[in-house]
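The values are calculated or read from the model by the stated rules, or taken from the named source; none is laboratory data. Quantities reported herein were computed from a predicted structural model and do not represent experimental measurements. Glycine also receives a Cβ, built like all others from the backbone with ideal geometry; neighbour counts cover every protein chain displayed. Only protein heavy atoms, including side chains, enter the accessible area calculation; ligands, DNA and RNA are left aside. Shrake-Rupley method; radii C 1.70, N 1.55, O 1.52, S 1.80 Å.
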Amino acid sequence: MPYDYDDQNIFAKILRGEIPNDTVLETEHTLAFNDIQPQAPVHVLVIPKGPFVCHDHFAAEASEAELVDFLRATAEVCRITGVAPGAGGDGYRTIANAGENGVQEVPHYHLHILGGHNMGRMLPNA
Ligand code: AMP
């Protein structure tokens with residue numbers, strides 16, 4: 001079934017400038033901003049500006065320019081926030097929740113970048 005994008009979701013409103021955000025980085029196709037309820041000292045959300053619902057939707061249907069811009073933006077966010085191990089940082093975790101089992105709350109694709117302290121095991125019950 002094709003994805004049905006809801007343009008009333010909160011990140012769509014951020015992209016339209018209808019509600020504020022704490023921007024970390026903005027590029028041609030990508031916006032990165034601090035999570036409003038951070039779960040680690042560094043908690044940045046990276047989102048494409050296009051109407052993509054979740055990771056596989058974006059990965060399958062975004063243009064090459066959007067894909068490259070998004071990935072490069074994630075690297076830049078890691079550099080800006082100081083978490084990139086290759087630049088002396090202590091590391092980070094990326095998370096992309098999708099759909100019901102992924103417990104995705106906002107139906108606009110977003111990659112969480114979390115760091116600033118040890119993130120513990122990947123899953124709480126693993
Ligand atoms: P997810 O469960 O992966 O869909 O995560 C949604 C994330 O969006 C949560 O971590 C929320 O804290 C975050 N969030 C919701 N509204 C806002 C907002 N207005 N600005 C920044 N982050 C938000």
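Here are a few things to note about the model shown:
- Residue count for the range 92-119, restricted to those that are closer than 18 Å to F70 by Cβ, without any contact (Cβ under 8 Å) to a residue 24 or more places away in the chain and aliphatic (A, V, I, L, M): 1
- Only residues that are among the aliphatic types (A, V, I, L, M) and either more than 8 Å from the ligand (Cβ to nearest atom) or assigned to a strand (DSSP E or B) (or both) were counted in the range 101-120, giving 4.
- Residues located in the range 104-126, provided they are open to solvent by 100 Å² or more (accessible area, probe 1.4 Å) and either within 17 Å of V24 (Cα to Cα) or modelled with pLDDT of 95 or more (or both): E105, N118
- Candidates in the range 17-35 are the residues that are within 13 Å of the ligand (Cβ to nearest atom) and free of Cβ contacts under 8 Å to residues at least 12 places away in the same chain; of these, the one that is farthest from C78 (Cα to Cα) is E18.
- Some residue of the range 68-91 being within 16 Å of the ligand (Cβ to nearest atom), among the aliphatic types (A, V, I, L, M) and free of Cβ contacts under 8 Å to residues at least 12 places away in the same chain: no
- Unique match (being open to solvent by 40 Å² or more (accessible area, probe 1.4 Å), within 23 Å of R121 (Cα to Cα) and either under 13 Å from the mean Cα position of the chain (by Cα) or of a type in the set (V, I, T) (or both)) among N101, N97: N97
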